[in-house]
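Before any comments, here is the structure.
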């Protein structure tokens, strides 16, 4: 199978991690996807990992000449939908950085294109890779096994260092917003762990104290009501100090009818009716999202992130962004 990478802004490391398990996949070509991107870092990584991709400056020329089986799209966020749609129309499977679209109009367009492509056996998955981290996957398996009973309330947190972000992060048009970029993972978790649909959202965000990053929102909060009268809150910020031991601090608390489970500091802590005290659950082994995506294409398994997950979580992010912009409760149709 031939793989092409278009864009180098997103998490290309997920692709390289998966390729180590996929000797049948050849990294045939790489290209920028957005104006201003440079390929140095990704080509250096490719060569270090033993790949020799052809380098293109024009992704359309790449698609025409290479005719890849799979494309990994990870460019500036506002270009995700356009490039993904181009690949899907050609019958190419797409592994795409989140959010897969930065506007509801682009998302609707992409849904229509994918509906046709899916009918021809084409696959798509967003890079919602934190599902694959051992602590979060362990927690999900525990919830599926009934560790907390019926999930009733969820509280999720995404906290990052701000550092110095590039020019695309400073403009809403190219960045898309902190809720879709940083918050997409946490919004995905509350959907994934609860198994419920979103009904309403009220969100807020602020650009204050963003250290000269223009329109980048430094903080955001989202409150969701979900089906089954489940509620979920999501806290998002770039307030993690530079001196912190890691770039991100990802957490979730899942409260159910017979227990409470928390993921924090790469640990899974459970209190429930089956055993007294706090239990630290043993972690499952790490899995690679891109490797699972390719295995799904080959009919050898399934990716934990479906195409429908990818679309629905993006929709939830964009409706939360609308709520924060317009300072009102937004309903899900």
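A few points about this structure:
- Residue in segment 73-84 that is over 16 Å from the mean Cα position of the chain (by Cα), surrounded by 14 or more Cβ atoms within 10 Å (Cβ to Cβ) and outside any helix (DSSP H, G or I) present: no
- Filter result for the condition that a residue is touching a strand residue (DSSP E or B) at 6+ places or on another chain (Cβ under 9 Å), surrounded by 12 or more Cβ atoms within 10 Å (Cβ to Cβ), assigned by TED's automatic domain parsing to the domain that holds residue 206 and assigned to a loop (DSSP other than H, G, I, E, B), over 244, 316, 320: 244
- Residue within segment 50-64 that is closer than 27 Å to residue 299 by Cα, free of Cβ contacts under 8 Å to residues at least 12 places away in the same chain and not in a loop (DSSP other than H, G, I, E, B) present: yes
- Selection from segment 247-272 of residues that are without any contact (Cβ under 8 Å) to a residue 40 or more places away in the chain and not in a strand (DSSP E or B): 265
- Of the candidates 183, 177, the single residue that is crowded, with 21+ Cβ neighbours inside 10 Å, in contact with a helix residue (DSSP H, G or I) (Cβ under 9 Å, 6 or more places away or on another chain) and at positive phi is 177.
The values are calculated or read from the model by the stated rules, or taken from the named source; none is laboratory data. Predicted model, so just to flag it, every value in this text is computed and none were measured. Heads up, the Cβs are rebuilt from the backbone with ideal geometry, glycines too, and the neighbour counts pull from every protein chain shown.
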